[in-house]
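The structure appears below as C-alpha cells.
A short reminder: the numbers here are calculations on the coordinates, not readings from a lab. Just so you know, these numbers come straight off a predicted model, no measurement behind them. So basically every Cβ, Gly included, is an ideal-geometry build from the backbone, and we count neighbours across all protein chains shown.
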C-alpha cells in the first residue's frame, strides 16, 4: 500500500498558546487529522482550535510530563492514521519538511516505527544554529500503535522497531510568548532537572533514559555546582555560539541563568528531604 501524507495525524500540545497556535495550524493543514491536547488554557487557544475546525481534548495533569501527555493522546485521541506526528504550538512545519515526510513515509519499511526530527531554534529573528548544537534530535513521528514515550520532561521513544531520521528541520519559536513565559516554563524544567540530579546521587528513584543521555546526566550530576559555567562555555565557546551573534550571546546567558536555578533547586530539594529550613 502506498502511503500518502494524508495518513498522518498531527497532535499539538497546548497551554495558553493563542500567540502561536494559528501559525502552527497554518503549517499543518495537509494532515488527515489534527488534535489539540490542551492542559487547561485560559486564553483563546481553544477558540482558535474551534475556528480552524480542529479536534481538541483537555487533560490537566499535575505534574505535567510531556511523555505522559503524549501517551495519553496516543491512547485516547482515537487516532486512525498509520502515523502520528507530535509538535508543539510554538513549532512550524515548513514546506520542505512536508515534502520529505511525503517522500520518506511513502516507502517506510514496516520495521521502522518512528522518526527523529531536528528543530531550527529561532530567537530574535535569527536561527541559533551553533549554540543550540544543530542538529538536535527529538523523537516526534511514531507509527501509531507501535510506540510510546518515556522520560518525563526529556521524552524519548519506547518502541520495538528501528528509528529513522528526517533531515529537513522544523522551526521552533520557543520565546515567542515572551521572556517571562520562557523562565516560568524553565522553572518547571529546573525542578525536574534537580530531581534527576538527586536521583543520580541516590536521593530519589530515577526514571528511564536512553544510555547516551544517562551517561551525560550522570556526569552533569557529579559536577552540579559547576553547571552554569560549564553550560555557558559549551554553548558559547565549544559550539561556537558566538557565530550566532547577539542572539546567541543572550540565549547562552539565559541558559546559564537556568542552570543557576537548577543549582538552587538541588539545594532546596536536598534540604527539604532532610527536613531542614531554607
For the chain, share of DSSP beta bridges that run antiparallel, in % to the nearest 5:
40 percent
Residues 173, 203, 86 in order from fewest to most other beta-carbon atoms within 10 Å are 203, 173, 86
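In nm², what is the average projected area of the convex hull enclosing the Cα atoms of the chain?
Approximately 15.1 nm², given one-decimal rounding.
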With all pairs of different alpha carbon atoms counted, what Kirkwood hydrodynamic radius in Å does region 30-158 show?
16.2 Å
Alpha-carbon centroids, region 16-64 and region 254-278: separation in whole Å
33 Å
To test your reading of the geometry: what angle, between 0 and 90 degrees and rounded to tens, separates the Cα axis of helix 95-105 from the longest principal axis of the chain?
70 degrees
Show me 58-64, 244-250 ranked by packing, highest mean number of other Cβ atoms within 10 Å first.
244-250, 58-64
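Fewest Cβ neighbours within 10 Å first, please rank 143, 55 accordingly.
Fewest to most other Cβ atoms nearby, the residues stand as 55, 143.
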For a quick protection proxy, order the peptides 10-21, 177-188 by their average other-Cβ count within 10 Å, most packed first.
10-21, 177-188
Does anyone have the angle between helix 179-200 and the longest principal axis of the chain? Alpha-carbon axes, 0 to 90°, nearest 10?
70 degrees
Please order 83, 137 by the number of other Cβ within 10 Å, starting at the fewest.
137, 83
